[in-house]
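Peer 1: Shown below is the structure under consideration.
Just so you know, all these numbers are worked out from the coordinates, no wet-lab data involved. Keep in mind that this is a model prediction, so the values were computed, not measured. Virtual Cβ from ideal backbone geometry, glycine too; neighbours counted across all protein chains shown.
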Amino acid sequence: MLCPKCHGPMQTFTRSGVQIEQCGNCRGIFLDYGELEALTRMESQYAQPAPPPPGYPQAYPQQQHAAPAWGAPHGGHHGGHRGHHKQQSWAHMLFSS
Amino acid sequence: MGEKVTSSGAALTHALGAVAAAASRVPGQARPAVLAERPDATVVRGGRLVAKAHAPGTDPGELALRLRVAAHPLLVGVLLSPAPLPDHGGALSTVLLGRSVSLWPLGEPVDRDDPDSAPWAEAGALLARLHTVPPARLPGPPPRMRGPVSAARAVARMLAAGPGDPAVLAAWHGLPPWARGEAPQPRQMLCHGDLHMGQLVRHPAPDGPWCLIDVDDLGLGEPTWDLARPAMWFAAGLLDPADWGRFLGAYRAGGGPAVPADGDPWPHLDAAARALAVQTAATAVAKAAQEGRALDGAEQSVLDTCRRIAEVKCSSTPGDDPRPARTRR
């Protein structure tokens, strides 16, 4: 895909389930409909580092385990709820429909 | 679950124990033992076999088809094979006291007191094998996978028990129709339909290889459903990311078709994981209402997850390329 502004090559990367294109030339970012809202929501919920700096998306690989936009704050990344609910307290859920 | 044992329940457990003990041909040392007694299933051990009474209302024809799939050589080592009922001409199910009954070899379940021992990688690998069984080579055709119908039943149960939680209902109504059991599922692969850690046993007990059990929801359908409960637990902040990684990694390494071999799996998992959050929360709300108690911490986490789900639109379809080619201006 080519950048609509400078026609440079665009790279795709993913942040927490939202896919983003960034131009390798002018560093411009392209978002689909709804993606800006999803990112804004996540930034306010997650308080995570900002998206990778322009030009080096590959140097910032996506989180080891991607998560959906509706995931728990810090869910699956830094312990999150597990800090409050030790495994025993949710173990019953492991064994039921 | 604390359901009272009725006299008919006692008659059923006695009959199941007698069937299992007689079939295992060691009646002398076979003190029948009740392994599970829930509204949807009663399981009794006799000797080296267990007899299971399926849920009231189980369709005997569909159950017979599911049992034939489980008994098929293609499923050896993936799904526990049912044992033929003695004196039933090789039949895999019968009716006892109004309940459909099947017979199984004894397996060693996951230790509920040691959840850290849960075999996440084995579960992922087994699902990959299940999903890659060619449906055309199975007897049947197999019935449809019942996961989405079970989710709809959980929501109905919540609404029968009380007003229902608005967040759970909002998340439910945001699901695509297939995930509510109201439309055909996107893909038609052999699926378990109700995966959790009570659905794996070692066979032969106590230390044989792991395999899947419980054919009640087995059938053709959308394979992301089988990954969706662990996915939802992970996204809700309950399941350790390392365990989720082991499960998903083994599934991908085994060539599982539900998600692409690499890249972000969430565009594919999204709809089914949302549905499992709704099913889990709806069941929890219904049970808490019936038992007159508040939600526990884990249940509340899943309810909170439904609240967030209701705020973020669900748009993708599993199996589709989540990024179709765009036309740029």
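Peer 1: As a test of the definition: which semi-axes, in Å, follow for chain B when you take the square root of five times each eigenvalue of its alpha carbon gyration tensor? Largest first, please.
Peer 2: Taking √(5λ) for each eigenvalue gives 34, 24, 18 Å, largest first.
Peer 1: Around B:Leu74, with a cut-off of 13 angstrom between Cβ atoms, what is the net charge of the other residues, counting Lys and Arg +1 and Asp and Glu -1?
Peer 2: After counting each charged neighbour, the total is +3.
Peer 1: Sticking with this structure for a sec: At a 10 Å Cβ-Cβ cut-off, how would you order B:Leu85, B:Leu97, B:Leu227, B:Leu74, fewest neighbours first?
Peer 2: Ordered by Cβ neighbours within 10 Å, fewest first: B:Leu97, B:Leu74, B:Leu85, B:Leu227.
Peer 1: When the Kirkwood hydrodynamic radius is evaluated over all pairs of different C-alpha atoms of the range B:222-329, what value in angstrom, to one decimal, is obtained?
Peer 2: In the range B:222-329 this quantity evaluates to 15.1 Å.
Peer 1: Amide H of B:Arg48 versus every other amide H placed in the peptide plane: which residues, excluding those fewer than 5 positions away on the same chain, fall under 5 Å?
Peer 2: none
Peer 1: Only Cα pairs within less than 10 Å get springs; with that Gaussian network setup on chain B, which residue of B:Lys287, B:Lys52, B:Lys313 has the largest fluctuation?
Peer 2: The residue that fluctuates most here is B:Lys313.
Peer 1: Identify which of B:Gly254, B:Gly162, B:Gly198 has the largest mean-square fluctuation in a Gaussian network model of chain B, with springs joining Cα atoms closer than 10 Å.
Peer 2: B:Gly162
Peer 1: B:Ala161 to B:Arg25: FRET efficiency via 1/(1 + (r/R0)^6), r the Cβ-Cβ distance, R0 45 Å, to the nearest 0.05?
Peer 2: That pair, B:Ala161 with B:Arg25, gives E of 0.50.
Peer 1: Now for a separate question. Using Cβ counts within 10 Å as a stand-in for footprinting exposure, how do B:Val278, B:Val76 rank, fewest first?
Peer 2: By the 10 Å Cβ count, ascending, the order reads B:Val76, B:Val278.
Peer 1: Moving to a separate point now. Provide B:His72, B:His131, B:His88 in ascending order of the number of other Cβ atoms located within 10 Å of each residue's Cβ, fewest first.
Peer 2: Ranking B:His72, B:His131, B:His88 by Cβ neighbours within 10 Å, fewest first, gives B:His88, B:His72, B:His131.
Peer 1: Report the Cα centroid-to-centroid distance between the range B:60-92 and the range B:99-175 in angstrom, as an integer.
Peer 2: Here the answer is 19 Å between Cα centres.
Peer 1: Another question, then. Whole-Hz ³J(HN,Hα) for each residue in the range B:292-309, computed from phi via Karplus 6.51 cos²θ - 1.76 cosθ + 1.60 with θ = phi - 60°, x for glycine and proline: what do you get?
Peer 2: Values, residue by residue: x, 10, 7, 5, 7, x, 5, 4, 5, 4, 6, 5, 4, 4, 4, 4, 5, 4 Hz.
Peer 1: Shifting gears a bit: Between B:Ala205 and A:Ser89, take the C-beta separation as r, use R0 = 25 Å, and let me know the FRET efficiency to the nearest 0.05.
Peer 2: Once rounded, the FRET efficiency stands at 0.30.
Peer 1: Choose one answer from B:Ala253, B:Ala228, B:Ala273: the residue with the largest mean-square fluctuation in a GNM of chain B with alpha-carbon springs under 10 Å.
Peer 2: For chain B, modelled as a Gaussian network with Cα springs under 10 Å, the answer is B:Ala253.
Peer 1: Still on this structure, please answer the following. Could you give me the ³J(HN,Hα) list for the range B:177-186, computed from phi with Karplus coefficients 6.51, -1.76, 1.60 and θ = phi - 60°, whole Hz, x at Gly and Pro?
Peer 2: Values per residue, Gly and Pro as x: x, 4, 6, 9, x, 10, 8, x, 6, x Hz.
Peer 1: Could you pull the Rg and Dmax for the range B:115-311, using just the Cα atoms, both in Å?
Peer 2: 16.5, 49
Peer 1: Calculate how steeply helix B:224-235 sits against the longest principal axis of the alpha-carbon atoms of chain B, using the helix alpha-carbon long axis, and give the answer as 0 to 90 degrees to the nearest 10.
Peer 2: So the helix axis and the longest Cα principal axis differ by about 70 degrees.
Peer 1: Dipole of chain B, Cα-centred, from +1 at each Lys and Arg C-beta and -1 at each Asp and Glu C-beta, to the nearest 20 debye?
Peer 2: Roughly 700 debye, rounded to the nearest 20.
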